[in-house]
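Everything on this sheet refers to the single structure shown next.
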Amino acid sequence: MPNGYGTITKLTGKRRKPYMARLACTYTSDGDRLTERRPVLGYYRTRAEALQALAEYNKSPYDIGNNATFADVYSEWIKTKKVGNKAMSGYTNAFGKCKDLHDIPIAELRLQHYQGIINRYTHQSATSMKCLLAVIRGVSQYALKYEIISKDYSEFIESEYAEAGNIHKPFTESEIAALWAQKQSALRDITLILLYSGFRVNELLKMKADNIDLDSLTFTGGSKTKAGKDRIVPIHSRIIPLVTEYKSGFPIRYSHYYALLRETGHIPHDTRHTFVSRLQSAGADHLCIQRLVGHASDNVTDNVYTHKDLDELRKTIEMLK
């Protein structure tokens, strides 16, 4: 067999599967010495079965074929990922979320297929969404690399997490002033509410009417972390009319809002980044900012609010002009 292909050994004794297939030898270093590893691929009834198993393991990506499904390409792509158990579990879970794509030839998949999967899970954590994006893009890029497809449609996926590698672009004071001067629209109104509340887009769009209290002028919402869930955020005085109008629900989907905001040169997370930056520039208390955006702190008791706490948070948020 070719060097690096693996080996087959017939074990002694009376065995139901006497042929052992082992992968090629690899070495790991602990800094002082090399440790040899020869992982066992499996045990087989005949030498032919063992050879077939090795052949499948060592199959070239070029052998997948142009009719390869999303699942076929994933099975080859995942072999290239040298990650720990936790990361591998994340990839496995993300692949499961793509079940609607599994049996479709990857050459037939288009942006709408990928975007549909992303849109279905936008309520999940940032970590889960980034992992889902990594799987979809990784599989598509792998297929492009080995000429199974001629175009990678995954690069056009729209998601705030697809921009994770980008530097956030805060809204300037002049941009915020221009928003206030604009004619009322869902894009303008939701952007202003986000800029004056610090919520993530999905936290706001999915907020129930019961969680908007116009008597106490507070939002109750949030997601992702223990500190972020069900946090109370005072409603800034400037956005009270906007919040009142949309109390029964926001008439826009995340994907539509994302597309509209991208046309302005921003991505959704820019609003949250701007919220924090403006409060910092105004000299707001660090712990109050953490509490408003749902960041954990050893000095903050999660989800327990006194009247004094709420007064402090309201004073903090009103520092935004």
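The values are calculated or read from the model by the stated rules, or taken from the named source; none is laboratory data. Just so it is clear, the structure is predicted and the values come from calculations on it, not from any experiment. Reconstructed Cβ throughout: ideal geometry from the backbone, glycine too, with neighbour counts over all protein chains shown. Remember, those area values only see protein heavy atoms, side chains included, never the ligands or the DNA or RNA. Shrake-Rupley method; radii C 1.70, N 1.55, O 1.52, S 1.80 Å.
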State which entries of Lys169/Lys206; Lys206/Lys315; Lys99/Lys130; Lys79/Lys99 exceed 21 angstrom in Cα-Cα distance in the structure shown. Lys169/Lys206; Lys206/Lys315
In nanometres, what is the gap between the two model label sites at Ala126 and Asp152, each 7 Å from Cα along Cα-to-Cβ? 2.4 nm
Applying the Karplus parametrisation 6.51 cos²θ - 1.76 cosθ + 1.60 with θ = phi - 60° to the phi angles of the range 123-129, what ³J(HN,Hα) value in whole Hz is obtained for each residue in order, glycine and proline being reported as x? 7, 7, 5, 4, 4, 5, 5
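Sort the following peptides by mean Cβ neighbour count (other Cβ atoms within 10 Å, averaged over residues), highest first: 284-293, 170-179. The partial results should precede the final answer.
Working: 284-293: 18.3, 170-179: 14.8.
Listed from highest to lowest mean packing, they are 284-293, 170-179.
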1.4 Å probe accessible area per residue over the range 177-269, in Å²: 45 Å²
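Hey, got a sec? Which GluC sites (Glu not before Pro) in the range 79-165 land in a DSSP loop and have at most 16 other Cβ atoms within 10 Å? Let's see the in-between values first.
Numbers: sites: Glu108, Glu147, Glu155, Glu158, Glu160, Glu163; in loops: Glu147, Glu158.
Passing sites in the range 79-165 are Glu147.
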In sequence order, calculated HN-Hα J values of the range 80-95 (Karplus, 6.51, -1.76, 1.60; Hz; x Gly/Pro): 7, 8, 9, 10, x, 4, 5, 5, 5, 5, x, 5, 4, 5, 5, 4
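Ranked from highest to lowest mean number of other Cβ atoms within 10 Å per residue, what is the order of the peptides 243-254, 82-93?
Details: 243-254: 15.0, 82-93: 11.8.
So the order, starting with the most tightly packed, is 243-254, 82-93.
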